[in-house]
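Everything below concerns the one structure shown next.
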Amino acid sequence: MKPYSTLVAILGLFLAFLVSAPTLHASETTIQVGASVALTGKYSRTGQEQLNGYRMWVEDINARGGLLGKTIELVHYDDESKPATGAKLYEKLITDDSVDLLLGPYSSGVTLSASSVAEKHSFPMVSTGASSSKIWARGYKNVFGLYTPAEIYMNQVLEFAKKKRLKRVALIYADTAFPRSVAKGVRAKVKELGMSLVFEEEYGKGSTDFASMIVKMRLKRPDVLIGGSYLPDSVAFVRQSKEYRLNPKVVAFAVGPGLPDFGKNLGADAEGVMGNTQWEHTLTIPGAKSFTSRYKAKFGHLPGYHAAGGYGAGQVLEEAVRSAGSTDRDAIRKALSELDSITVFGRYKVDATGKQVGKPGYAIQWVNGKRHIVLPASVSTEKVRYPFKQWKKR
């Protein structure tokens with residue numbers, strides 16, 4: 001046989017061996033968990049915190065030997081804080097990447113889109129960073145919430161205001177799913193408490209110019225200002241409230257004041273502003289103290305609730321898999337619907353729609369340059385500073 005023919009024969013035998021040899025697929029050694037995260041766009045600050053929580057959970061579970069004897073691998077993409085992009089990415093995660101498990105994105109808007117894709121594929125998903133009840137009002141069977149619903153975010157603040165005999169409430173909110181849900185809850189609570197909604201206005205997503213709104217609001221002389229907002233708009237509104245001397249006795253915003261950047265951006269002007277939080281590192285939840293210290297050592301700052309939520313969502317998914325004994329979608333769905341457990345983020349328990357019903361929310365306030373839980377009193381680290389100090393007296 002000629003040397004060339006011999007080489008061809010050897011190569012042929014080698015290729016035949018490769019084709020016939022058994023292959024160890026990634027799915028036999030790893031469990032892939034898919035998620036989209038907001039690394040750019042409006043929600044990038046909170047999205048990064050949520051991703052930090054995801055990554056820390058993955059590292060911890062793998063250090064313990066993985067799940068079902070397999071290594072956990074996180075597959076994630078930047079959804080740019082856009083619902084349409086999020087929907088495309090979850091389609092890719094399910095159909096192209098063939099991930100085994102799903103964690104949700106940040107924000108109610110992106111989650112509304114992502115959960116529609118998950119429902120289409122009958123793929124259970126733990127909704128990590130969303131609280132609009134609209135998500136669970138569609139009859140879906142595959143979206144399981146972690147956060148306290150947005151409609152009750154401001155209940156504690158309004159109940160406090162009622163005890164102080166305040167009556168006149170001003171409500172502003174962005175034109176996206178979460179703030180609208182906050183506003184819906186505020187309207188209902190104001191009516192229940194016998195208070196008066198003297199001003200209400202919706203503003204465009206991304207708005208930071210509130211001068212004309214504040215001028216109109218001042219004419220209504222509100223005792224209480226409630227904002228369904230995010231970080232940039234709540235910071236801008238406080239700055240312009242100072243400029244135009246808007247002085248309600250209670251000032252509260254959703255999301256913004258619950259983030260460290262609120263105090264960093266406003267400095268002393270954050271003093272007295274109230275808000276809500278899903279979680280704080282001071283809570284005596286099993287595992288929260290260890291999570292907080294390890295997170296700070298790893299990332300250089302204390303975790304906010306978005307980071308703790310990311311970690312807690314991973315724990316919920318982990319427990320569902322252990323309960324199911326597999327990553328079979330039907331078994332995971334059943335487990336997620338029946339779980340009643342405690343994570344570092346708090347209690348997880350959902351109703352028949354998948355909406356979170358076991359976890360309380362908390363009211364916070366900026367006091368002496370720090371964010372403190374002030375309500376309920378049973379877990380508070382400071383008493384409520386009341387009334388909101390007028391700008392000219394600061």
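For Pro248, state whether it is farther than 29 Å from Gly310 by Cβ, more than 25 Å from the chain's Cα centre (by Cα), crowded, with 24+ Cβ neighbours inside 10 Å and assigned by TED's automatic domain parsing to the domain that holds Asp269. Lay out the reasoning, then the answer.
On the way: farther than 29 Å from Gly310 by Cβ: yes; more than 25 Å from the chain's Cα centre (by Cα): yes; crowded, with 24+ Cβ neighbours inside 10 Å: no; assigned by TED's automatic domain parsing to the domain that holds Asp269: yes.
For Pro248, the condition - farther than 29 Å from Gly310 by Cβ, more than 25 Å from the chain's Cα centre (by Cα), crowded, with 24+ Cβ neighbours inside 10 Å and assigned by TED's automatic domain parsing to the domain that holds Asp269 - is not met.
Can you go through Leu219, Leu197 and tell me which one is without any contact (Cβ under 8 Å) to a residue 60 or more places away in the chain, surrounded by fewer than 15 Cβ atoms within 10 Å (Cβ to Cβ) and either touching a helix residue (DSSP H, G or I) at 6+ places or on another chain (Cβ under 6 Å) or not small (Gly, Ala, Ser) (or both)?
Of the residues listed, the single one that is without any contact (Cβ under 8 Å) to a residue 60 or more places away in the chain, surrounded by fewer than 15 Cβ atoms within 10 Å (Cβ to Cβ) and either touching a helix residue (DSSP H, G or I) at 6+ places or on another chain (Cβ under 6 Å) or not small (Gly, Ala, Ser) (or both) is Leu219.
Scan the strands (runs of 3 or more DSSP E) fully inside the range 303-394 and keep the ones with 3 or more residues being more than 30 Å from Leu266 (Cα to Cα) and of a type outside the set (Asp, Glu).
341-343
Could you tell me how many of the residues in the range 149-164 are assigned to a loop (DSSP other than H, G, I, E, B), crowded, with 20+ Cβ neighbours inside 10 Å and out of contact with any helix residue (DSSP H, G or I) (no Cβ under 9 Å at 6 or more places or on another chain)?
Residues meeting the conditions: 0.
Do any residues in the range 297-313 that are surrounded by fewer than 24 Cβ atoms within 10 Å (Cβ to Cβ) have Cβ atoms under 6 Å from those of residues that are not acidic (Asp, Glu), where the two are at least six apart or on different chains, and which pairs are they?
Sorted first by the residue in the range 297-313, then by its partner, the pairs are Phe299/Asn52; Leu302/His281; Leu302/Lys296.
Tell me whether the range 259-269 contains one or more residues that are farther than 17 Å from Lys392 by Cα, touching a Gly at 6+ places or on another chain (Cβ under 8 Å), free of Cβ contacts under 8 Å to residues at least 40 places away in the same chain and assigned by TED's automatic domain parsing to the domain that holds Val374.
no
To keep it simple, each residue is scored yes or no on (1) under 21 Å from the mean Cα position of the chain (by Cα); (2) more than 22 Å from Gly361 (Cα to Cα); (3) not polar (S, T, N, Q).
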position: Asn155; (1), (2), (3): yes, no, no
position: Leu166; (1), (2), (3): no, yes, yes
position: Thr176; (1), (2), (3): yes, no, no
position: Ser181; (1), (2), (3): yes, no, no
position: Arg187; (1), (2), (3): no, no, yes
position: Leu197; (1), (2), (3): no, yes, yes
position: Thr208; (1), (2), (3): no, yes, no
position: Arg218; (1), (2), (3): no, yes, yes
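Taking Arg180, is it assigned to a loop (DSSP other than H, G, I, E, B), surrounded by fewer than 21 Cβ atoms within 10 Å (Cβ to Cβ) and at pLDDT 95 or above?
So Arg180 fails the test.
Go through (1) surrounded by fewer than 23 Cβ atoms within 10 Å (Cβ to Cβ); (2) assigned to a helix (DSSP H, G or I) for Leu283 and report which single condition fails.
Only one criterion in (1) surrounded by fewer than 23 Cβ atoms within 10 Å (Cβ to Cβ); (2) assigned to a helix (DSSP H, G or I) is unmet by Leu283, namely (2).
Only one of Ser127, Ser132, Ser122, Ser81 is more than 12 Å from the chain's Cα centre (by Cα), assigned by TED's automatic domain parsing to the domain that holds Gly304, crowded, with 20+ Cβ neighbours inside 10 Å and polar (S, T, N, Q); which?
Ser81
Mind counting the residues in the range 264-276 that are within 19 Å of Ser380 (Cβ to Cβ), modelled with pLDDT of 95 or more and not β-branched (Val, Ile, Thr)?
5
Give the residues of the range 379-394 that are aromatic (Phe, Trp, Tyr) and out of contact with any strand residue (DSSP E or B) (no Cβ under 9 Å at 6 or more places or on another chain), sorted by residue number.
Trp391
So Ala377 clears everything in (1) loosely packed, with under 14 Cβ neighbours inside 10 Å; (2) over 21 Å from the mean Cα position of the chain (by Cα); (3) in the same structural domain as Gln315 (by TED's automatic domain parsing); (4) not aromatic (Phe, Trp, Tyr) except one condition, right? Which one?
For Ala377, the exception is condition (3).
Please enumerate the residues belonging to the range 191-247 that are among the polar types (S, T, N, Q) and not in a loop (DSSP other than H, G, I, E, B).
Listed by number, the residues that qualify are Ser196, Ser212, Ser234, Gln240, Ser241.
Mind listing whichever residues of the range 29-77 are closer than 18 Å to Gly206 by Cβ, surrounded by 16 or more Cβ atoms within 10 Å (Cβ to Cβ) and of a type outside the set (Lys, Arg)?
Matches in the range 29-77: Ala38, Leu39, Gly41, Tyr43, Ser44, Thr46, Gly47.
The values are calculated or read from the model by the stated rules, or taken from the named source; none is laboratory data. Worth saying up front: this structure is predicted, and the values here are computed from it rather than measured. With ideal geometry, Cβ positions are generated from the backbone for all residues, glycine too; neighbour counts draw on all protein chains shown.
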